[in-house]
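Shown next, in C-alpha cells, is the structure this report addresses.
Every number in this text was worked out from the coordinates using simple rules, so none of it is lab data. The model shown is predicted, which means the values in this text are computed figures rather than measured ones. Here Cβ is always computed from backbone atoms with ideal geometry, including for glycine, and neighbour counts include all displayed protein chains.
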There are 2 protein chains.
Amino acid sequence: MSSALHSLPTSVRVVEVGPRDGLQNEKVQIPTEQKIQFIKLLTEAGLPVVEATSFVSPHAIPQLQDAGAVMAALIPSSQTQYPVLVPNLKGMERARAAGVRSIAVFTAASESFTQHNIRATIDESLANFRPVVALARQEGIAVRGYISTVFGCPYEGSIDPQRVLSVARSLLDMGVDELSLGDTIGVATPNQVVDVLDLLVSQGAVPLDRLAVHFHDTRGTALANVLMALQMGIHIVDVAAGGLGGCPYAPGAAGNLATEDLLYMLHGMGIQTGVDLEKVVEATRFIAPFLGHAPTSKYYQAALSAG
Amino acid sequence: MSSALHSLPTSVRVVEVGPRDGLQNEKVQIPTEQKIQFIKLLTEAGLPVVEATSFVSPHAIPQLQDAGAVMAALIPSSQTQYPVLVPNLKGMERARAAGVRSIAVFTAASESFTQHNIRATIDESLANFRPVVALARQEGIAVRGYISTVFGCPYEGSIDPQRVLSVARSLLDMGVDELSLGDTIGVATPNQVVDVLDLLVSQGAVPLDRLAVHFHDTRGTALANVLMALQMGIHIVDVAAGGLGGCPYAPGAAGNLATEDLLYMLHGMGIQTGVDLEKVVEATRFIAPFLGHAPTSKYYQAALSAG
C-alpha cells in the first residue's frame, strides 16, 4: 500500500532562484546592498545553489541592472554555486568578466510565449544560445537550460509535451548540463507532471538526473506537483525564499513555490537537503520589508504568527 | 513509471466545512443572514455535503449561536447534505428538533488536546458520544466522527498512529458511519499520511471507504497530503471555501485547505467532483467582505487577480 513512497529520493538538491526569478518579478526596485545581504543569508542557510542575478539588458529588466555589482560582492565558494541568467553572447561576456562559474539560458515550450517574451521563435532562441553554450563549455562553466511554459502558456493554453521534448533535446544536444522544467504561470496539476516526465524520460531517453522541476504556486498546486515529481525520480527542485516573484499574468497572485514550504515538506518526509529552514525564514524576513507586500509562503506566515 | 497514478480514484466526494469549521475560527461575528446566503451559494455550486453549523453551547462558540435559525432557513435537499456538529445529548436534541438528518461528533487522538479543548479525557468524550450516536442510529441520522490532532498536537507534538487507530475503532464500534482524520494544526507531511492510513486500513482493518481526510494548510502541505491520501485510496476530502478558518495556534496563518485549490487540482487530474469551481469562487467572494481579512486560497486570489 505504501508503494507510492518507495521510489522517493533520500536527498533533494534545492535550487534557490529568489534573487533572480523572484526579484525579477517584484515591482519595487530593491537596493543592491540588500540583494547582496539577501544572497549572503541564503548562502548561510546552506542552500547549494543560489541563482544570483541576470546579465540581461538593463532596459529589459531594470531590477537586475546591478548584476555586475552583485556578483562582485559574492565570495566564490565551494559550498554554494551562484549561477546567473544570460540571454545572449553579450550577457555571457559580461558574466565571464564577472568571474561567473555557472550560467543559465532561458527559452520556452510555447512559440507564442517566446515571441512575446524575447521576440524570437524557439528555434531563433536556441540558435542564439548555441555560441553562448559553446563558450561556456570551453571555459568549463556549467550551463542550465530553463524551459518555461512546459505545463501551460498564457497565450496558447495547453502545451503538447512533444514540444517540451523537442526543446529539451535541442538544449541537451548543444551541451546544456541540466534542464529546468518550468510551470511559468502556475497551472500544472500532478497528472501533467507524470505525462511530461514520462514522455521525456521513458520515451525520450532524457537522463532523469539532469532534470529539475520549477513550479509556481499561483493556484496552490506547486507542492503537490513536486511530490509527484519526486515519485517520478526527480531530485532537483527550484524554489524562491518566501515565495517571491508573483505572477505577471495574475498580478497579486502567488509566485514561485516557497523555499520554506518545500523544505518543511521534505524534512518532514525525512528527505535531506542540507538547508536550515529557520535560516531561510530569516532571509525572507530580511528581504520582506523591501518588497511592498507580504511574502506568500504559508510556512513563513505560520512561523511569523507563532512568534 | 506512472504507476503512482494508477490507484487514483475517478471521483472524490468533497465535504465543505467552511460554514462550520471555517467560520468557527473566524474572529468576526458573521450575521446569520449572510451565513445562510453563503450556504445557499455553496449548495448551488453543487457541493454534495455542506457542514452547516454546530449545536454547541452559545457561550462556548458565540459565532455559531444561531445554529437553529441557520438550519431553519435551509431547504432539505436530496442533492446536498447539511450535517451539523453536536457536542453532547443536549446539542443532539436541539439538532433533532431542527430536523437535522446528519450529524458529526468531535474528539481527538491527543489526550492533552482533548483536555484543553473540551475538558475531558478521550474516553470521557467517547462515553459522552455513545448515547448521541445511539439516538442518531435509532432515528436513521447519519453520523460522522472527527478525530482531530491525528498528525500532531499543539501541546504534545507528534502523535502515535496507534492512538488514532484506538479512537477510530471506538467510534466505529459505537456506530459512527464515517471518520474524518484531522490535521488540526496543519503540520502533516505526506509520509505521515501513508503511515497513518497504512496502519488504519492495512493493519487495523478500518474500511477505506469510511475514511475522510481533513487537512489544514498552515504550512502549505495540505494539497500534497491530499494527493498522497488519494494514492492510498481515500476518496472523501474535507475543505473550506476560500481556505476559511485560520489556525488558532498560529493566528494570521492559513486555515482549512481551500475548496478552490482542491477542486482545481482534482479537475485538472480528471477526477470528478460534481462541483462548479467558479461558483465556489463566487461563494467565497460573497463571504470575504465579512471576514476582516483576505481569503487564503491561492486559486481564489489568482482568479480575482486575473479579473
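Return the tail of the calculated pair distribution for the stretch A:116-162, meaning the percent of Cα-Cα pairs more than 17 Å apart. Mind showing how you got there, number by number?
Values: 518 of 1081 pairs.
Of all Cα-Cα distances in the stretch A:116-162, 48 percent exceed 17 Å.
What is the local net charge at B:Ile61, summed over the other residues whose Cβ is closer than 12 Å to its Cβ (Lys, Arg +1; Asp, Glu -1)? Could the numbers behind the result be given before it?
Working: positive: B:Arg20; negative: B:Asp21, B:Glu26, B:Asp66.
Around B:Ile61, the charge tally is -2.
List the extent of the Cα atoms of the stretch A:255-297 along each of their three principal axes, largest first, rounded to whole Å.
Here the spans come out as 35, 19, 11 Å, largest first.
Suppose we take every Cα in the stretch B:1-129 and form the convex hull; what volume per residue is that in Å³?
Details: hull volume 20.6 nm³, N = 129.
Cα-based convex hull of the stretch B:1-129, divided per residue, equals 160 Å³.
Amide H of A:Phe106 versus every other amide H placed in the peptide plane: which residues, excluding those fewer than 5 positions away on the same chain, fall under 5 Å?
Close amide H contacts, sequence-distant or interchain: A:Tyr146.
Add +1 for every Lys or Arg and -1 for every Asp or Glu among the other residues with Cβ under 14 Å from the Cβ of A:Leu41, and state the total. Display every interim value, and only then the final one.
On the way: positive: A:Lys35, A:Lys40, A:Lys279, A:Arg285; negative: A:Glu16, A:Glu33, A:Glu44, A:Glu260, A:Asp276, A:Glu278, A:Glu282.
It works out to a net charge of -3.
Tell me the net charge near A:Val226. Cut-off is 11 Å between Cβ atoms, A:Val226 excluded, with +1 for each Lys or Arg and -1 for each Asp or Glu. Walk me through the intermediate numbers first.
Values: positive: none; negative: A:Asp183, A:Asp217, A:Asp238, A:Asp261.
In short, -4.
Across all directions of projection, what mean area in square nanometres is found for the Cα convex hull of the stretch A:225-307? Intermediate results must be reported in sequence, preceding the final value.
On the way: hull surface 24.3 nm².
For the stretch A:225-307, the mean projected area of the Cα convex hull comes to 6.1 nm².
Once every Cα of the stretch B:3-305 carries one equal point scatterer and solvent is ignored, give the base-10 log of I(q)/I(0) from the Debye formula at q = 0.11 Å⁻¹, two decimals.
Computed log10 I(q)/I(0) values: -0.59.
Could you list, bin by bin from short to long, the percent of Cα-Cα pairs of the stretch B:165-303 in 5 Å steps?
2, 10, 19, 20, 18, 15, 9, 5, 1, 0
May I ask you to evaluate 6.51 cos²θ - 1.76 cosθ + 1.60, the Karplus curve with θ = phi - 60°, for each residue of the stretch A:130-145 and list the ³J(HN,Hα) values in order in whole Hz, giving x for glycine and proline?
3, x, 5, 5, 4, 5, 4, 4, 4, 8, x, 8, 5, 10, 10, x
Round to a whole angstrom and tell me the spacing of the C-alpha centers of the stretch B:185-229 and the stretch A:274-289.
Computed from Cα coordinates, the inter-centre distance equals 29 Å.
If you count the DSSP beta bridges with both ends in the protein assembly as shown, what percent of them are antiparallel, to the nearest 5? Mind showing how you got there, number by number?
Details: 4 of 66 bridges.
The antiparallel fraction comes to roughly 5 percent.
Please work out, to two decimal places, the log10 of the ratio I(q)/I(0) at q = 0.12 Å⁻¹ from a Debye calculation in which every Cα of the protein assembly as shown carries one identical scatterer.
Taking Cα atoms of the protein assembly as shown as identical point scatterers yields -1.14.
Which shape class applies to the stretch A:208-252: rounded if a/c is under 1.5, otherwise prolate when a/b exceeds b/c and oblate if not, where a ≥ b ≥ c are the square roots of the Cα gyration tensor eigenvalues?
On the way: a/c = 2.68, a/b = 2.03, b/c = 1.32.
Prolate, because a/c is 1.5 or more and a/b exceeds b/c.
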